[in-house]
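Note sheet for the following structure.
The values are calculated or read from the model by the stated rules, or taken from the named source; none is laboratory data. It should be emphasised that the depicted structure is a prediction, and the values quoted were computed from it without experimental measurement. Positions of Cβ are backbone-derived with ideal geometry, glycine not excepted, and every protein chain shown enters the neighbour counts. What goes into the accessible areas is simple: the full protein's heavy atoms, side chains included, and nothing from ligands, DNA or RNA. Shrake-Rupley method; radii C 1.70, N 1.55, O 1.52, S 1.80 Å.
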Amino acid sequence: MILTPLITANPFDLPQLHWREGRFRADGTEEQTYSLDPLGPVSVRLPSALSGAVPKRRAEFLAGRICATLALRSAGLPEVIDMNGRAPVWPSGAVGSISHTDNRVIATVSRTLGGLGVDCETIMPPTQADNIQGMILTPSEANLRPDALPFAAFLTLVFSAKEALYKALSPRLDHVLEFLDVTLSGLSQNRLHLSYGGKAYEARFRLDRTEVLTLVQVAA
């Protein structure tokens, strides 16, 4: 269940992005309708593959697909999103991405980019960060952490940026990337610099005390 009117302006001030963002909660329903869009309501129903899913998974799917449908509407594209496993399949002429935490959901669409990845994360607890750091980054990448940024927040930021890059590249890949396949090469103000396959990429980010948001754009 979406709790608030959706945000339509992206925090990176990028005009090529069609953006929908909001907060939601799990209620176990199989269908959800959003009625506050000026062009009319949007309804999304769970696919049969998720009919037995737990309430949290149901809510994530419904909130994500509502945001994605409205982003497609904003872009003037067909409001149809197929599925390939758990991944969304966007209509011809669109690239897009969906992400969520336990209560935040974001979807973004572009008609001009070649790839697009968005990821939002709740900053992980320090104990979790210590336990999984070896799966996410190398010691040399860890040395790039600014002194003022706590390690758990830094690791969450790197995790999110690498996840956003995978989402942006995944339609072109025939395999799933591991986090260590992507290299963090630098960090500047509101940017993470990444490399994969001999190519350089940039992840924009927003970071506060509790959450991380990252975005990767790939040129057409």
Asp147: passes all of (1) among the acidic types (Asp, Glu); (2) in contact with a Leu (Cβ under 6 Å, 6 or more places away or on another chain); (3) surrounded by fewer than 17 Cβ atoms within 10 Å (Cβ to Cβ) but (2)
Sort out for me the strands (runs of 3 or more DSSP E) sitting completely within segment 1-89 that have 3 or more residues that are in contact (Cβ under 8 Å) with a residue 40 or more places away in the chain. 18-23
What number goes with the only condition from (1) in contact with an Asp or Glu (Cβ under 6 Å, 6 or more places away or on another chain); (2) free of Cβ contacts under 8 Å to residues at least 24 places away in the same chain that Ser188 does not pass? (1)
Which members of segment 50-89 meet the condition of being of a type in the set (Val, Ile, Thr), closer than 17 Å to Leu116 by Cα and open to solvent by less than 40 Å² (accessible area, probe 1.4 Å)? Thr69, Ile81
I need the full set of residues from segment 122-180 which are of a type in the set (A, V, I, L, M) and part of a loop (DSSP other than H, G, I, E, B), in order please. Ile123, Met124, Leu137, Leu144, Ala148, Leu149, Leu173, Val176, Leu177
Looking at the structure I just gave you, is Ala75 out of contact with any helix residue (DSSP H, G or I) (no Cβ under 6 Å at 6 or more places or on another chain) and under 21 Å from Leu14 (Cβ atoms)? yes
